């Protein structure tokens, strides 16, 4: 081995690599990306899996050998001179593994979900230059190795088992953690003291990777790997033709330049015409799982409102709002409230307090509209029956929306009514009303949800008063 290290052609090569070790490390990582982008077609292809496994084996072997060189008092001369090459091999192997994931995301239409891996890539490249001391570099490379092993398991387990989902993802993490422990045993065998110096950083790094990737997965920042939306588009019509699909797209004009960059062009429709949406989902061979498309109406006004209000405001579907809110307000048109709450989802609303401020207004007979659902029922009661697990509190439906959240708009003392079946729910709503500015003694509890019949029918009088006084800035006061 010593004679080989002193061979005339080997020594200059190793010396040059040693001199330019750090830039070569970064270049080798980039080279891994370029090579894999050209080579990989499907992540589930056997050849691809063999290459990924080879990358992982190379990374493990290089890290163990580097640790052996740094730990041994008299390591073989060939390994000493080849130390720079081992560093480059580590970076190349890890770069190849990252590229497989970035390629997979880059070829999908869900480019917005790629940002976590881009951040991780930037951290790797920066860390490669910033971590100077060996014990820190060992912790850093071990953290990267665990990330690579976890990432590989996320792909490989669904490919080999033909299943996916939360249980498969958790199993992938457990499998990666077990394999990583075996690597740590190997490092301990070849260099115990060096490993102990970096032990704290290794444990914290691996735990951080485990926590972050699980957070990304279970909060849907990352889609369920290895599925990915590979194509999606809006067309005038889509029809199946054998094993393929034929779609009629919007003709591009000179002003539709953005369509050439993948954006959906402006769709021109005549009255009564419909549109079709086509999408294709990439899935590994033999994988069996259900794919569900969820469509959302894009509301430009809602987006503009959220931007104008500030960072604490957001817009989304009824289901988004119901899932997000700890306390939910029903501010929909009363005649459509049940349908809207069904779209929000009973599971998203279960156990929560729902403040119903809606009123049923029937304009079919002209103005003023007919009010309420009758003297023997109310919208509040209908909602409570339709969603028995929801704590419905009727409130704020007897006044203008401005007065709801700012009672000082009406001078003097005036009152707000609440009713519902759950005492604790009404207490919670009363607290919210006090935050709006309603004094505690101006909040009147009318009892059970059936009292909503009276507050909803009162709206007929409110509409008449609005027509008389010419403004909605008024309210009712109980004088006794």
Q.
Tell me the relative contact order for region 325-469 as a rounded percent, counting alpha carbon contacts under 8 Å between residues six or more apart.
A. 24
Q) Roughly what % of DSSP beta bridges within region 325-469 run antiparallel, to the nearest 5? A) 30
Q. Among 289, 471, which comes first, then next, by fewest other beta-carbon atoms within 10 Å?
A. 471, 289
Q. So between residue 468 and residue 236, what do we pick up on full extension, going 0.36 nm a residue minus the alpha carbon distance?
A. 78.4 nm
Q: Would you mind ranking 378, 279, 99 by Cβ crowding within 10 Å, fewest neighbours first?
A: 279, 99, 378
Q. Which order do 278, 152 fall in if you start with the one that has the fewest other Cβ atoms within 10 Å?
A. 278, 152
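Read-outs throughout are calculated quantities, based only on the coordinates presented, and are distinct from any laboratory measurement. These figures come from a predicted structure and were not determined experimentally. Heads up, the Cβs are rebuilt from the backbone with ideal geometry, glycines too, and the neighbour counts pull from every protein chain shown.
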